[in-house]
Amino acid sequence: MAKPKIGVYVCHCGSNIAGTIDVPQVVEFAKGLPAVAIAREYKFMCSDPGQSMIKDDINNLKLNRVVVASCSPLLHEQTFRRAVQEAGINPYLFEMANIREHCSWTTEDHGEATEKAKALVSAAVKRVYYHQPLETREVPVNPNTLIVGGGIAGIQAALEIADAGHKVYLVEKDPSIGGHMIQFDKTFPTLDCSACILTPKMTSAGSHHNIELMTHSEVKEIAGFIGNFKAKIRKKARFVDESKCNGCGVCMEKCPWKADSEFDLGLSQRKAIYTPFPQAVPNIPVIDKESCAYFLKGKCRACEKFCEREAIDFEQQDKIVEIDVGNIIIATGYDPFDPTPIIKYGYGKFPNVVTGLEFERICNSVGPTGGKIVLKDGSEPKSIAIIHCVGSRDENYHEYCSRVCCMYALKYSHLIKEKTKADVYQMYIDMRCFGKGYEEFYKRLSKEGVTFIRGKPAEVSDRAMSEEEKGKLIVVGEDSLLGTIVRVPVDMVILCIALEARADAKNVAQLFSISQGADGFFIERHPKLDPVATMTEGVFIAGCCQSPKDIPDTVAQASAAATRVLALISKGKVELEAAVAVIDEEKCSGCRICNLLCPYNAIDFIEKDEVSRINEALCKGCGTCVAACPSAAITHKHFTTEEIMAEIEGVLV
């Protein structure tokens, strides 16, 4: 191979770098480093003129290695790799020095910043000297897609992909798709009936010839890599033959046994054989073994006796279904925060303290009260307090804002005013009405006779201090605008609870090899530039599993994830990263330490050869196996010992 001839390019990044670092001084320093043929500076190296400068030098000066000192490799490493490749150099003969996030943004002293930039450039030059060309590989993409979660995000993504002509497996753990959105009464700020706008999409998903609904099912195992995943899905027994059932509902009508309705959050009851709600998709009932007398006591079978189509099958067993897909979209949604631990608000103690989701069901015309807003004793409330930020913006529970609470609290005001004559008190920290039409909705509600009290209530009590308060719930807190303590006697209290990551999010993250943040939500590849991808290629996220968001944002993100999947399907193939680990089988002792430590399950032990072997398609190049191997049998391409030692030597100038 030809002797290294290195070009060094230092970016000003406007004033992001040049405002702190003496760029000309760094360039002069770079010119004196070994094997450096040219060193230049430019205002925006990632721009077309900046990239053209690099390409021209490669062609004119016969450079065979390039170093760019600019921003994070996460942002522009691919940009410059493409540029050098277009000029005829292998993209792995490029090295990037981050003198923005690692230097100019973190160092206030200009002199020290300049010296640090020199050290980082020196390290990059020393390291690139030992780089070797690597070859990427391409694999075909299976056009089938697995979507996990049948809420509005999963449904939207499934329809987008299916309408484009590709097969989708939509897996939902509940007996019907719909998610939380189908539980709502109306949606803000347009006050559309939630079911009216969602059920057409649910029906479309259920009848689409390219969508295979797998409700009452869970993904148990995932193997493979982008373009070529294999999934094992457990289809739980419904004890109803889906091919025979026509959804007539006679079985539910005749069933004598009842249990609390999960869909109505325990505010009503359902039968032991049931569909969660009337518009369920698929409209196939399921038998709850925990409530069914036949499974508990060995008798009854009323549903079987009255089913004319003989669809009841008590012998049905769970099935494991294996599918092959090329991409995966995770849309598992959120859990509503349980406010029981916040004892001061009396949830669970006072029957007329309810959560926002419970109030949605109370308001709903097919809910437990037929849409009438009533207290537990059946009477109509004369006054209602709505408390914002319960469990959110609270360092004791969740520090983040749940984004939707202000708006659905305003929606409740309207629904209460529409259906009752009750006085409404909104108790808020501040109003966050950020979306399209949201501020207008707030102003509209302000004119509907709602009383706004700024301040987080200290407690909800039943300790009366006056005749007016007797028999009431008293919300005690500070009105921070008036600077006084207020006591507001009301009949009902609605708690606007936080949205939190699902209880099983950790298991889902491990199953699909994706990351969680400190708040439990899944982490996207980049919060601004790649908000639907994850660090696992071919696995995307959409909706509230990433963070709390409203319905419009959820739908937009689901469409974005579907678009990313369609782009990969359209391309038909993907490139696999070349900078991965490899095992020298002559040195491998077969200890299997690497097998146990690999977070991507990319290493298998080959019994007949008694050595471990890496699946390069699964390897993400994290380097864990390299560091742990006691035999030094594993090498990480692009991060060899020679390269790392040279980089360390370079940074110590």
TODO: Could you state the accessible area per residue of the range 1-86 in Å², with a 1.4 Å probe and every protein chain left in place?
DONE: 46
Open item on the list: Given a 1.4 angstrom probe, what's the average accessible area per residue across the range 325-441, in square angstrom?
Closed with: 39
Task: Student exercise, the range 163-233 dipole from Lys, Arg, Asp, Glu Cβ charges, in Debye to nearest 20 - done: 200
Task: Per residue, in Å², the accessible surface of the range 519-653 once ligands and nucleic acids are set aside, probe 1.4 Å - done: 49
Task: Using θ = phi - 60° and Karplus 6.51 cos²θ - 1.76 cosθ + 1.60, couplings along the range 271-286 (whole Hz; Gly, Pro as x) - done: 7, 5, 9, 7, 10, x, 7, x, 8, 4, 10, x, 7, 10, x, 9
- [ ] Roll a 1.4 angstrom probe over the protein heavy atoms and tell me the percent of accessible area of the chain that is carbon or sulfur.
- [x] 50
- [ ] May I have the extent of the alpha carbons of the range 89-180 along their three principal axes, as whole Å values ordered from largest to smallest?
- [x] 63, 37, 22
TODO: Over the range 19-150, consider all pairs of different Cα atoms and compute the Kirkwood hydrodynamic radius from their mean reciprocal separation; express it in Å, one decimal.
DONE: 16.2
Task: Contour excess over end-to-end distance, with Cα ends at Lys456 and Lys571 and 0.36 nm allotted per residue - done: 36.1 nm
Open item on the list: List the residues, sorted by chain then number, that are 5 or more residues from Val611 or on another chain and whose placed amide H is less than 5 Å from its amide H.
Closed with: Ile606
Task: Magnitude of the charge dipole, the range 2-73, Cβ model with Lys/Arg +1 and Asp/Glu -1, debye to 20 - done: 320
- [ ] Tell me which label goes with the value of volume of the Cα convex hull per residue in Å³ computed from the coordinates here: (i) 259; (ii) 276; (iii) 206.
- [x] (iii)
Task: Principal-axis tilt of helix 405-419 within the chain, Cα atoms, nearest 10 degrees - done: 20
Task: Above-threshold pairs, the threshold being 30 Å between Cα atoms, out of Lys349/Lys411; Lys344/Lys376; Lys173/Lys549; Lys55/Lys587 - done: Lys55/Lys587
- [ ] Could you give the size of the charge dipole of the range 34-144 about its Cα centre, using +1 on the Cβ of each K and R and -1 on the Cβ of each D and E, expressed in debye and rounded to the nearest 20?
- [x] 300
TODO: Report the paramagnetic label zone for Cys591: residues of the range 614-629 whose backbone N is under 20 Å from a point 7 Å from Cα along the Cα-to-Cβ axis.
DONE: 614-615, 622-629
Task: Spatial separation of Cα centroids for the range 420-457 and the range 76-98, in angstrom - done: 53
Open item on the list: So if I take the centroid of the Cα atoms in the range 591-607 and the same for the range 210-252, what is the distance between those two points in Å?
Closed with: 32
- [ ] With everything on Cα atoms, drop me the angle between helix 73-86 and the longest principal axis of the chain, reported from 0 to 90° to the nearest 10.
- [x] 50
Open item on the list: Over the range 369-455, what portion of Cα pair distances is larger than 23 Å, expressed as a whole percent?
Closed with: 28
Task: the range 314-367 and the range 504-570: distance between their alpha carbon centers, rounded to Å - done: 20
Open item on the list: What do you get for GluC sites (Glu not before Pro) in the range 556-653 restricted to DSSP loop and a cutoff of at most 14 other Cβ within 10 Å of the site's Cβ?
Closed with: Glu585, Glu586, Glu607, Glu610
- [ ] Per residue, how big is the convex hull around the C-alpha atoms of the range 576-653? Give it to me in cubic angstrom, could you?
- [x] 92
TODO: Taking each pair of different alpha-carbon atoms in the range 159-293 once, compute 1/r for the pair, average those values, and report the inverse of that mean as the Kirkwood hydrodynamic radius in Å to one decimal.
DONE: 16.6
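The values are calculated or read from the model by the stated rules, or taken from the named source; none is laboratory data. What you see is a predicted model; the values in this text were computed from it and never measured. A quick note on method: Cβ atoms are made from the backbone with ideal geometry, for glycine too, and the neighbour counts reach across all protein chains shown. The protein model used for the area step is the full one, side chains on, heavy atoms only, and it has no ligands, DNA or RNA in it. Shrake-Rupley method; radii C 1.70, N 1.55, O 1.52, S 1.80 Å.
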